[in-house]
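The values are calculated or read from the model by the stated rules, or taken from the named source; none is laboratory data. Quick caveat, the model's predicted, so the values are computed rather than measured. Using ideal geometry, Cβ is built from the backbone for each residue, glycine included, and neighbour counts are taken over all protein chains shown. For accessibility, only protein heavy atoms count, side chains too; no ligands or nucleic acids. Shrake-Rupley method; radii C 1.70, N 1.55, O 1.52, S 1.80 Å.
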Amino acid sequence: MTPLTAPAQRTANTAFRGLSITAASLILVTLAAVATFLLVEAWPAITDASGELADKVSWIRPDEGQSLIEIAGYLIFGTVLISAIALLIATPLSIGIALFISHYAPRKLASGLGYLIDLLAAIPSVVYGLWGAIVLIPVLQPFYQWLADYLGWIPLFAPADDGTVSNTGRVALSAGIVLAIMVIPIITAVTREVFLQTPKLHEEAALAMGATRWEMVRMAVFPFGRSGIIGATMLGLGRALGETMAVYMILSVGLTYSFQILNAANHNTIASYIAGQFPEANSQGVSALIALGLALFVITLLVNMLARWIVSRRSEFSGAN
């Protein structure tokens, strides 16, 4: 190849710099445009959020006289609870799968498992929802009854007030399990790549000092990949917070602050509630639903900001050491 002259190099560098700045600016512009749209469209409902919505949007409250603020509280609670269940299930499983692929499995098996994980991440959420509603819930129903019978003294596994467990299985725990299955491929794929980036010299040094394979992982791999694990977990949390169709196809419609995850018609998420109510919404109802979408937007933004802060603090701490 013929090398570029100095003026041509400057022109190419300037053009590339301009394209990079434009691409980065488009992200900020898009984010600002989405936030502006949500705020403008939700403003009528926000300004009237403290009032009763029964006369204006009769379908948007479960009981007579509840305001948008109360409904948003129920939905935020349900969204966080179900996402937390999914994250508690998915995170240790994802770390274990990623560790097996990166450090324990033979090369051919690791390559096949990595491809399978990437394939699972590409499956549409509606497929997970159908599978969960038709296949998984009937299988889990006896397990739910066992939890209520033997661990019902724990608030999470307490049955309904009449002592029964949902016959349909459309409860918060079902939604959390399906969401966990959905986010496992995402967390695993990111964590696997982080583990594979561990410096070989660190691993070999630990093994040379007489460490076992597990001790090497604990001393070299986990400290190096800690910030990546946190980032992958927060990425999975963001997916769980915004998931719509899978949750909508599994949950019964209900709004409470209860921690009874085996009780039917108790919980719902913001995204699922919007999907269920939007087709029948009038103009005031659309504004109220967009206000709920704005709340979900803020929650997701705060989660990602928290993840970035944690990762940056971990990086600074590692650099200082």
The stretch 220-259, residues that are part of a loop (DSSP other than H, G, I, E, B), of a type outside the set (A, V, I, L, M, F, W, C) and at pLDDT 75 or above: E243, T244
Where in the stretch 115-200 are there helices (runs of 4 or more DSSP H), lying fully within it, with 3 or more residues that are out of contact with any Ser or Thr (no Cβ under 8 Å at 6 or more places or on another chain) and at pLDDT below 85? 137-151
Picking from A208, A240, the residue that is in contact (Cβ under 8 Å) with a residue 60 or more places away in the chain and either open to solvent by 10 Å² or more (accessible area, probe 1.4 Å) or out of contact with any strand residue (DSSP E or B) (no Cβ under 7 Å at 6 or more places or on another chain) (or both) would be A240
Pick from L140, L156: which is in contact (Cβ under 8 Å) with a residue 40 or more places away in the chain and more than 15 Å from the chain's Cα centre (by Cα)? L156
Look at S283 and say whether it is among the polar types (S, T, N, Q), in contact with a Ser or Thr (Cβ under 8 Å, 6 or more places away or on another chain) and modelled with pLDDT under 85. no
Would you please name the residue that is farthest from the chain's Cα centre (by Cα), looking only at residues in the stretch 94-130 that are under 17 Å from E193 (Cβ atoms), of a type in the set (A, V, I, L, M) and open to solvent by 80 Å² or more (accessible area, probe 1.4 Å)? L116
The correct count of residues that are over 15 Å from L99 (Cα atoms) and among the charged types (D, E, K, R) in the stretch 211-236 is 0
Does V135 fit the bill of being among the hydrophobic types (A, V, I, L, M, F, W, C), closer than 26 Å to G236 by Cβ and surrounded by fewer than 12 Cβ atoms within 10 Å (Cβ to Cβ)? yes
